[in-house]
1. What are the residues in region 1-23 that are in a helix (DSSP H, G or I), in contact with a strand residue (DSSP E or B) (Cβ under 8 Å, 6 or more places away or on another chain) and of a type in the set (A, V, I, L, M), if any?
2. Anything in region 13-28 that is in contact with a helix residue (DSSP H, G or I) (Cβ under 7 Å, 6 or more places away or on another chain) and among the acidic types (Asp, Glu)? List them, or say none.
3. Just to be sure I understand the filter: pairs with C-beta atoms under 8 Å, separated by 6 or more residues or on different chains, first member in region 17-46 and within 20 Å of residue 1 (Cα to Cα), second member among the acidic types (Asp, Glu) and surrounded by 15 or more Cβ atoms within 10 Å (Cβ to Cβ). Which pairs pass?
Amino acid sequence: MPIQFALQGLTLWDLAHRPADQVRGPKKAWVAASFVNFIGPIAYLRWGRRNTPPRWPRRRRRSRHSES
């Protein structure tokens, strides 16, 4: 049961933050599908999202050799 809630939470968070043009099909349908046991969230995470890079900024890595 906790896994089901985690999957649904991830799905709903992703739908809330992802633009509609990056979702296959209507967002409202995916929100409704997310309430269908494990199948809905897994289906969205597998087939509902378009393959696009994440929109959040990546962290800058520090070089191992600092210029001091």
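Since every read-out is calculated from the coordinates, none of them should be taken as a lab result. Given the structure is predicted, the values throughout are model-derived calculations rather than measurements. Glycine gets a Cβ as well: all are built from the backbone with ideal geometry, and neighbour counts include every protein chain shown.
1. The one that is in a helix (DSSP H, G or I), in contact with a strand residue (DSSP E or B) (Cβ under 8 Å, 6 or more places away or on another chain) and of a type in the set (A, V, I, L, M): 15.
2. none
3. Within 8 Å, the pairs are 44/14; 45/14.
So that you can scan it fast, the table gives a plain yes or no per residue for (1) loosely packed, with under 15 Cβ neighbours inside 10 Å; (2) of a type outside the set (Gly, Ala, Ser):
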| site | (1), (2) |
| --- | --- |
| 2 | yes, yes |
| 5 | yes, yes |
| 14 | no, yes |
| 28 | yes, yes |
| 31 | no, yes |
| 34 | no, no |
